[in-house]
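Below: one structure, written as C-alpha cells.
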Amino acid sequence: ELKTDSRSGCPFCVLESREIYQNYGEFLVIDNLYEYDFWDGAAVEQHLMIIPKRHISKIADMTKAEKLEYVELLAKYNSDGYLLYTRYSGSISGSQPHLHTHLIKQGKPKGKHIILNMNNLGIRLIK
C-alpha cells in the first residue's frame with residue numbers, strides 16, 4: 001500500500017492506471033507509461049521504474065531500512081542487465097517530485113540516432 005499525504009497530486013502516489021511490475025516492502029517497481037524508445041544509442045527493450053511507496057523527493061529522505069532495500073533493488077536489477085538512472089525533484093530534467101529510478105534494459109543499437117543535449121545545445125549523431 002502506498003504511503004501518501006493529502007498535499008500530493010503525485011502520479012506515483014496514485015497508481016490505479018499503472019501496472020505494478022513488482023511489489024517490495026518499501027518500494028514498487030512499475031512499468032514506465034512514457035518509456036524511452038532508445039537510450040545511449042540503443043533500442044530500449046524494457047523500461048521500468050523503482051519508486052518508494054512513501055512520497056519522498058530524494059535519497060537523503062529515506063530511512064535506513066529504505067536505503068538498504070533500495071540498494072538491494074539497484075543491485076538486483078543491475079545484475080539482471082538494467083541500466084540505472086535516478087531522478088529527483090531538484091534535477092533540471094526531473095519531471096516528478098517523487099523520487100524515481102529508471103531501470104532501462106537495452107537491445108541492440110538501431111541505425112543512427114540524433115541526440116540533443118539541452119545543457120550545451122549540442123547535437124551528436126550516433127552511428
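The values are calculated or read from the model by the stated rules, or taken from the named source; none is laboratory data. These numbers were taken from a predicted model, which means no experiment stands behind them. Cβ placement follows ideal geometry from the backbone for every residue including glycine, while neighbour counts extend to all protein chains displayed. For the accessible areas, the whole protein counts, side chains as well, though only heavy atoms, and no ligand, DNA or RNA atoms are used. Shrake-Rupley method; radii C 1.70, N 1.55, O 1.52, S 1.80 Å.
Of the residues making up segment 17-55, those that are in a loop (DSSP other than H, G, I, E, B), buried (at least 16 other Cβ atoms within 10 Å of the Cβ) and at pLDDT below 90 number 3. Within segment 58-77, is there a residue that is assigned to a strand (DSSP E or B) and at pLDDT 80 or above? No, because not a single residue in segment 58-77 is assigned to a strand (DSSP E or B) and at pLDDT 80 or above.
When we screen Ile104, Ile92 for residues that are at pLDDT 85 or above and among the hydrophobic types (A, V, I, L, M, F, W, C), the only hit is Ile104.
Scanning segment 1-14 for residues being within 21 Å of Met62 (Cβ to Cβ) and at pLDDT below 75 gives a total of 7. Scanning segment 56-78 for residues being in contact with a strand residue (DSSP E or B) (Cβ under 8 Å, 6 or more places away or on another chain) and open to solvent by 40 Å² or more (accessible area, probe 1.4 Å) gives a total of 2.
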